[in-house]
Every structure is written in C-alpha cells, then in structure tokens.
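J.: Handing you this structure, nothing more for now.
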Amino acid sequence: VPCMLFGLKRPANIQALSERLMATMESTDSPPSPPFPWRVLLVSIIASLNNMAFGYDVGVVSGSLLDMAGSLDLSLSEQELATSGLNFVSGIGALAGAGFVMDSLGRRATLMVSSLLLVIGGASPTQ
C-alpha cells in the first residue's frame with residue numbers, strides 16, 4: 001500500500017529491489033569528500049586560546065584596578081591609562097608590526113611567536 005501512495009511499483013521480490021537500488025547507487029557520481037582539515041582546526045584552536053588569554057589579561061588588569069589605585073595613589077586619568085594601555089599598545093603593534101611580521105614569517109609562525117610572547121609575559125615574575 002505505501003508503494004502505491006508514492007507511485008512506486010512493488011518489486012516482485014527482494015532480488016529485484018536490491019538490483020534497482022544498486023543501479024541507482026552506481027548511477028549517481030558524487031565526488032569524493034575532501035579530508036577533514038586538522039591543521040586548520042589546530043591553528044584555529046591556538047588562535048582562539050591566544051585571544052581568550054588576551055581577554056583574560058585585560059580582565060585581570062581591570063579587576064586589580066582598585067588595588068593598584070590605592071597602593072600607587074593613581075588619579076582617575078592614570079587609572080584609565082592603566083586599563084586601556086594593553087589595548088592601546090596591542091593596537092599599535094597590530095597596525096605597525098603585524099603586517100611586516102606576517103609577510104616575513106607567515107601566518108603559522110606569527111601565531112606561534114605571539115603565543116610564545118604571551119606565555120613568556122604570563123610566566124615572568126612580577127611583584
């Protein structure tokens with residue numbers, strides 16, 4: 001009955017159905033799917049972790065602003081400079097040096113160097 005609803009003829013036996021299915025599968029020439037780009041995924045993960053670490057650094061500076069202002073006796077404009085300094089310096093670095101570094105080293109090496117600098121900066125002892 002379902003075959004009649006869709007305008008299909010009921011096969012005489014399972015062998016005929018199997019032969020029709022195989023003929024249909026052989027007639028569709030679909031191109032092979034490309035392999036999964038694992039390197040692109042890895043570089044994307046490293047870049048996103050780098051951006052998350054940068055955001056975390058900005059959050060740490062903003063969170064410690066009250067302690068810095070009290071212990072260093074900072075004015076309001078000095079507090080604003082301390083909070084926005086990291087973004088300002090990274091913007092200057094992106095405009096001035098990132099294009100040159102990217103052209104000379106390539107994307108992958110640039111991401112590795114920036115991640116290494118972030119790790120070194122995070123691991124350096126501060127007082």
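Values quoted throughout were computed directly from the atomic coordinates according to the rules given, and no laboratory measurement underlies them. These figures come from a predicted structure and were not determined experimentally. Quick reminder, even Gly has a Cβ in these numbers, built from the backbone with ideal geometry, and neighbours come from all protein chains shown.
J.: Note down the nm distance, to one decimal, between modelled labels 7 Å out along Cα→Cβ at SER71 and at LEU42.
T.: Roughly 4.0 nm, to one decimal.
J.: Work out the charge dipole of segment 28-124 with +1 on the Cβ of Lys and Arg and -1 on the Cβ of Asp and Glu about the Cα centre, then indicate which of ALA123, THR83, TRP38 is farthest towards its positive end.
T.: TRP38
J.: Using r as the Cβ-Cβ distance of ALA53 and SER33, and R0 as 35 Å, what FRET efficiency do you calculate, to the nearest 0.05?
T.: It comes out at approximately 0.50.
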